[in-house]
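So the structure is just underneath, and the comments pick up after that.
The values are calculated or read from the model by the stated rules, or taken from the named source; none is laboratory data. Being a predicted model, the structure only gives us computed values, none of them experimental. Using ideal geometry, Cβ is built from the backbone for each residue, glycine included, and neighbour counts are taken over all protein chains shown. Surface accessibility is based on the protein's heavy atoms, side chains included, excluding ligands, DNA and RNA. Shrake-Rupley method; radii C 1.70, N 1.55, O 1.52, S 1.80 Å.
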Amino acid sequence: MKGLLWLVLFGVACYGFGALSVTADELYGVAQLYGPSALYFFPIIGARGLWDAWVLVFTGLGICFFIAVLCILMLQRQPPKS
């Protein structure tokens, strides 16, 4: 039962990593189309410049990656059920 928490957290981290990867792809397209002065609109926090948006997205990717690796390590530490 303890492993279930880590599995759910791993799933959330993987989903976040995928969603942020799509956002990074969108940012790349916005940068190519409108140049470095473009704005990117985040649903909750509003419009941000491209530099701010890249920082937010890559910080989120790093956090999701860290959580996923932590979950894997914690699941490996679980004692086998006998």
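Test each condition in (1) in contact (Cβ under 8 Å) with a residue 12 or more places away in the chain; (2) in a strand (DSSP E or B) for Leu61 and report the one that comes out false.
In the conditions (1) in contact (Cβ under 8 Å) with a residue 12 or more places away in the chain; (2) in a strand (DSSP E or B), Leu61 misses (2) alone.
Scanning for something part of a loop (DSSP other than H, G, I, E, B), out of contact with any strand residue (DSSP E or B) (no Cβ under 8 Å at 6 or more places or on another chain) and either more than 30 Å from Pro79 (Cα to Cα) or at pLDDT 90 or above (or both), does region 44-51 turn up at least one residue?
Yes - at least one qualifying residue is present in region 44-51.
Could you check, for region 40-47, whether at least one of its residues is without any contact (Cβ under 8 Å) to a residue 12 or more places away in the chain and either of a type in the set (Phe, Trp, Tyr) or surrounded by 14 or more Cβ atoms within 10 Å (Cβ to Cβ) (or both)?
yes
Among all residue pairs at least 6 apart or on different chains, which show Cβ distances below 8 Å where the first residue, located in region 21-35, is more than 17 Å from Thr59 (Cβ to Cβ) and modelled with pLDDT of 90 or more and the second is in a helix (DSSP H, G or I) and open to solvent by less than 50 Å² (accessible area, probe 1.4 Å)?
Cβ pairs passing all conditions: Val30/Leu50; Ala31/Leu50.
Go through region 1-11 and give me each residue that's open to solvent by 70 Å² or more (accessible area, probe 1.4 Å) and touching a residue at least 24 places away in the same chain (Cβ under 8 Å).
Answer for region 1-11, where residues must be open to solvent by 70 Å² or more (accessible area, probe 1.4 Å) and touching a residue at least 24 places away in the same chain (Cβ under 8 Å): Lys2, Leu7.
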